[in-house]
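Visitor: If you scroll down you'll find the structure; I have some questions about it.
The values are calculated or read from the model by the stated rules, or taken from the named source; none is laboratory data. Remember, it's a predicted structure, so these values are computed and weren't measured experimentally. All Cβ positions, even for glycine, are placed from backbone atoms using ideal geometry, and neighbour counts span all protein chains on display. Ligands, DNA and RNA are excluded from the accessible area calculation, which covers all protein heavy atoms including side chains. Shrake-Rupley method; radii C 1.70, N 1.55, O 1.52, S 1.80 Å.
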Amino acid sequence: MADNSKDVATPTGGAVEPDTRPTPVDHDIERNPGAPFAPEMFERHPVNLPAARRRSATLPSRRSIKKQWQAAWLVNAIQCIDLTTLAGDDTRERVGRLCAKAKRPLAAHILKGLGLNGMPVTTGAVCVYPTMVAHAVQFLSGSGIPVASVATGFPAGLMPLKLRLAEIRYAIDQGASEIDIVISRELVLKGKWSQLYDEVAQMRETCGSARLKTILATGELKTLRNVYAASMTAMQAGADFIKTSTGKEGVNATLPVSLVMARAIRDYMDATDYRVGFKPAGGLKTSKDALCWQILMKEELGRDWLRPRLFRIGASSLLGDIERQLEHFVTGRYADSSRHALA
């Protein structure tokens, strides 16, 4: 992978100016229908590890985002969060609390201080296990916030394909409009790309109109070449999003891995004219993380990938830190975390 770090006009340390161009609405983005399996698009594709690391290391310093611009980027990050609970002790009450936070992620005095009173600031989605979907749908009724569900034997995916497809159908029957599936890592590690394509294509077909987010579990794929190949295979099979991690691996979302996936999205778009979304998940906990990944999207893929239609952040604790940073911007003081409603 070549290092294209010099193709960005914004100088290091330069202030980020607001982009006043009109934003196209979501229905202007045609859904990725997939493409015939074409291994030549990724086989022997070079990935330059030192270049990926160097490019990733410079991203946080390439744009200076401060004051009101930083606040705006953080509010945008909130609207791209898939607010998530995937714990073994999840209950209806916990899901209800999560949904309440998704509908009103910022306290009233923060919204007022930001000049956002009356504006619909919500998270991008709520993500839960299949058995919690019906609860989330009930709590979010009328809010317009989609319910996402993990499926296909999350997080390991080590279930027969028939059962994985049945789990997708169950989640959709319960009301999920987005499905986060996990791939079979063994197929990647053994180079069985056509089988991986067939499995993801069947999952996409089972999803119907529900959006398909394909989790690659990149921390278990061993090499960046595997990450690129798995990304391309999933997009050819019809994935609406490619996602880094389940959040349960030892290594989750990292900037070098995300850079490789972003380049794969760009290459797929150049070949097919279809835009595929990106979702980093696992390990994004601070406002700085939210800014870094948005900068990556802006630099590598463009402004469309700063909207929830093409960019999501899988997180549970990130929202709390963003809320503290925005309160500091409004009041000049950092609040104790106990002042903010738990997500």
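Visitor: Quick one: pull the percent of accessible area on the stretch 67-134 belonging to carbon and sulfur, 1.4 Å probe, ligands and nucleic acids left out. Write out the running numbers ahead of the final one.
Guide: Numbers: 1570 of 2900 Å².
Answer for the stretch 67-134: carbon and sulfur cover 54 percent of the accessible area.
Visitor: Could you tell me how far the Cα centroid of the stretch 55-114 sits from the Cα centroid of the stretch 251-326, in Å?
Guide: 13 Å
Visitor: Quote the relative contact order of the stretch 206-313 in percent (integer), defining contacts as alpha-carbon pairs under 8 Å separated by 6+ residues.
Guide: Relative contact order, the stretch 206-313: 25 percent.
Visitor: Which residue fluctuates the most in the chain, going by a Gaussian network model with Cα springs under 10 Å, if the choices are Asn48, Asn32, Asn226?
Guide: Maximum among the listed residues: Asn48.
Visitor: With a 1.4 Å probe and all protein chains left in place, how much accessible area per residue does the chain have, in Å²?
Guide: For the chain, the solvent-accessible area averages 43 Å² per residue.
Visitor: A follow-up question, please. Can you send over the solvent-accessible area of Val188, 1.4 Å probe, protein chains only, in Å² to the nearest 10?
Guide: 0 Å²
Visitor: So which DSSP H runs in the chain come out at 24 Å plus along the axis (Cα) with average Kyte-Doolittle of at least -0.5?
Guide: 255-272
Visitor: I want the local charge near Met132. Using Cβ-Cβ distances under 10 Å, sum +1 for each Lys or Arg and -1 for each Asp or Glu among the other residues. Working shown, then result.
Guide: Values: positive: Arg92, Arg94; negative: Asp90.
So the surrounding residues net to +1.
Visitor: On to the next question. Among Ser64, Ser287, Ser316, whose mean-square fluctuation peaks in a Gaussian network model of the chain (Cα, cutoff 10 Å)?
Guide: Highest fluctuation of the listed residues: Ser64.
Visitor: Which whole-number percent of Cα pairs in the stretch 113-224 have a distance greater than 16 Å?
Guide: I get 61 percent for the Cα pairs in the stretch 113-224 exceeding 16 Å.
Visitor: While we're here: Report the relative contact order of the chain, percent, no decimals, based on alpha-carbon pairs under 8 angstrom and at least 6 residues apart.
Guide: Worked out over the chain, it gives 20 percent.
Visitor: Roll a 1.4 angstrom probe over the protein heavy atoms and tell me the percent of accessible area of the stretch 144-200 that is carbon or sulfur.
Guide: 56 percent
Visitor: Please find, in a Gaussian network model of the chain (springs between Cα atoms separated by less than 10 Å), the residue of Arg169, Arg53, Arg333 whose mean-square fluctuation is greatest.
Guide: In the Gaussian network model the winner is Arg333.
Visitor: Can you give the calculated 222 nm mean residue ellipticity of the chain, where each DSSP H run of n ≥ 4 adds -39,500 (n - 2.57) and the sum is split over every residue, rounded to the nearest 500 deg cm²/dmol?
Guide: -13000 deg cm²/dmol
Visitor: Can you give the net charge of the other residues whose Cβ lies under 15 Å from the Cβ of Arg44, counting K and R as +1 and D and E as -1? Before the final figure, lay out each step's value.
Guide: On the way: positive: Arg225; negative: Glu40, Glu43, Asp267.
It works out to a net charge of -2.
Visitor: Oh, and also: In terms of the ratio Rg/(2.2 N^0.38 Å) built on C-alpha atoms, what value belongs to the chain?
Guide: So the chain has a normalised radius of gyration of 0.96.
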